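Readers should treat all values here as calculations from the given coordinates under stated rules, not as data from a laboratory. Treat the numbers as computed from the prediction; the structure is a model and nothing was measured. Note that we place each Cβ from the backbone using ideal geometry, even for glycine, and neighbour counts take in every protein chain shown.
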Amino acid sequence: MVFRKLLACLMAVGALSGCASMQSAMQPVQPWEKDQLAKEEMQLVPDRTEEFFDSRVYFSREAAFGGKGVGGGGCGCN
Amino acid sequence: MQLTLKKKKQRKDEAVRSLLSAASASLLLAVPLAHAEDVHQHHAEGAHQHHAEGAPEQPWRVDAGAMRYSEKDRISVSELNFRARRQLSEDNALSLRADYDSVSGASPTGTTKIQTTSGASGTAYMAHFQTVRAAVGADWETSLSPDANLTLSGDHSSSKMNKSSGIGAAVARDFNQRNTTLVAGASYSVDAIDMEIMTELTPSDTATIRATSEKKDQIDLQLGVTQVLARGTLLQLNFVHSNASGYMTNPHKLISVVHPLTGETLTNSPLTEKRPDKRDSNALYAQVNHALGEGVLYSSYRYFQDSWGIKAHTVDFKYRQPITEKLYVQPHVRVYAQGAADFYRSMLAVGEIPAYASADYRLAKLQTNSIGVKLGYKPSSGGELTARVEVMRQNGEQHPQDAIGVQRTADLFPELEAIIFHIGYTKLF
């Protein structure tokens, strides 16, 4: 029990220090530094057709769905 | 000269206005059905691409694709997808999409492979079917302020027996020098099925027609954040809650009824299945895009859980590496694992009538492994051509614990293997 509490404390401290160090390391990226992020391949969905076909295939073959956004439901298809 | 230009601009503005009002009217009149990711996807464009590309010079973006999905000994799907996005003004963009698919082949009915009923071949383990489906959709993106975008969407799809319509809205707001974007979205969809619906959990030979149509409503709510972590690193976190109510039983699926000790199929008439009419689900999704030299690594993870008792994990990696200035290669690996729904049963013993039961293998414990590669080519004339091949394998419990007697000797989850070919073309102009 004591070990569990100790472990939980350690994890909390670790997480907090991790956040703090990340925060200090994370200077906001300036607009003139966004050359890379502006590229097509850095978009969240760089290839819409690929994304669409994948979601169609896996939606009809697996029980889990969604997560990337809202909309949809389905076609009730096989 | 200036006057002519002004007149032209006025005419253009009027055209844009009428186009916009037509678009919004059609959206409000519930044009069309939607595909899950679209609302969010277009936000992504709004938040990043929009500013990156600047609209005026190339107001059009067209994406077209064709896919062929073939399962070994089971179904095949051919699908065409087309979408066009037009930047109408600095603050408005309209997207239209259309999708057509044709499915044919054999699909498992849910019954067991071993059928010992004398004098009959039993109820088919596989059933052949064929269907086509068409879908259209539209999005309207507009700026609410210099830092906020609204996307409204509408979609509709139709096949012989199924119709689906949906509307959605999402607001995205940038903070922190556009390094942080918050997204909130909601959508509503209605699925209708028109066919003879038989009484549930009833022997298929004595089942009677209970209804000739049924429907399902679904509400999705989304909260998301996109954070620029570093010059070449982007993080997206998303939470989506879905609430579905209505008819979610699969009217084509059956469950074998076997002797409680020997496992023999005593009757030639398996039961129709029944699923709960409520389903709440939650999906937590995280994605990181990380630039590695000239390449980009895309990593994502999704945790899914629902009120049917299903828990699922999905991990996906893609790595895009340029080979020359015009050519790139992108390997892909995806692993998916799900637990079974509470009411999943590979078979039922005689006399057993649970509240809900389904033998649909997609509700069983299963794992999907996919591996693929995509080639992208950017010709000097502009645009981008892509070609992709992917192999998908699905495995589950071949000998589940609830198998009875002789059924234990059968492979109750034959491996499913599918090959996916996909070509795509994108052009800005």
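Take peptide B:391-398, look around each residue's Cβ out to 10 angstrom, count Cβ atoms belonging to other protein chains, and average those counts.
Working: counts 0, 3, 0, 2, 0, 0, 0, 0.
Taking the mean over all residues of the peptide, I get 1.
Return the average number of partner chain Cβ atoms within 10 angstrom of each residue Cβ along peptide B:145-157.
Working: counts 0, 0, 0, 0, 0, 0, 2, 0, 4, 1, 3, 0, 5.
Partner-chain Cβ atoms within 10 Å, mean over residues of B:145-157: 1.
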*Just round it to a whole percent: the fraction of Cα-Cα distances in the range B:275-370 exceeding 20 Å.*
54 percent
_Taking a cut-off of 18 Å, what percent of all Cα-Cα pairs in the range B:197-242 are separated by more than that?_
63 percent
*For B:I75, distant residues with modelled amide H under 5 Å away*: B:A106
*With no solvent and one equal point scatterer per Cα, compute the Debye intensity ratio I(q)/I(0) for the range B:88-207 at 0.09, 0.14, 0.20 Å⁻¹ and report its log10, rounded to two decimals.*
-0.50, -0.82, -1.16
*Considering the Cα trace of the range B:14-428, what is its radius of gyration and what is Dmax, both in angstroms?*
23.9, 77
*Taking 1 over the mean of 1/r across every pair of different Cα atoms in the range B:313-429, what Kirkwood radius in Å do you get?*
17.4 Å
*asked:* Going by average Cβ density within 10 Å per residue, which order do the peptides B:286-298, B:229-241, B:148-160, B:322-334 take, highest to lowest?
replied: B:148-160, B:229-241, B:286-298, B:322-334
_In Hz, Karplus ³J(HN,Hα) per residue of the range B:205-214 (6.51, -1.76, 1.60; θ = phi - 60°; x = Gly, Pro)_ = 7, 10, 5, 10, 6, 9, 7, 10, 7, 8
*List, in order, the whole-Hz ³J(HN,Hα) value for each residue of the range A:28-37 obtained from phi through the Karplus relation with A = 6.51, B = -1.76, C = 1.60 and θ = phi - 60°; use x for Gly and Pro.*
x, 6, 7, x, 6, 9, 9, 4, 5, 5
_If packing is taken as the average count of other Cβ atoms within 10 Å, what order do B:164-172, B:417-425 fall into, highest mean first?_
B:164-172, B:417-425
*Determine the shielding of peptide B:175-187 by partner chains: average, over its residues, the number of Cβ atoms on other chains within 10 angstrom of each Cβ.*
3
_Let me test this: with uniform point scatterers at the alpha carbons of the range B:166-323, what is the Debye-based log₁₀ I(q)/I(0) at q = 0.19 1/Å?_
-1.18
*asked:* From Cα pairs below 8 angstrom and at least 6 apart in sequence, can you work out the relative contact order of the range B:14-428, rounded to a whole percent?
replied: 14 percent
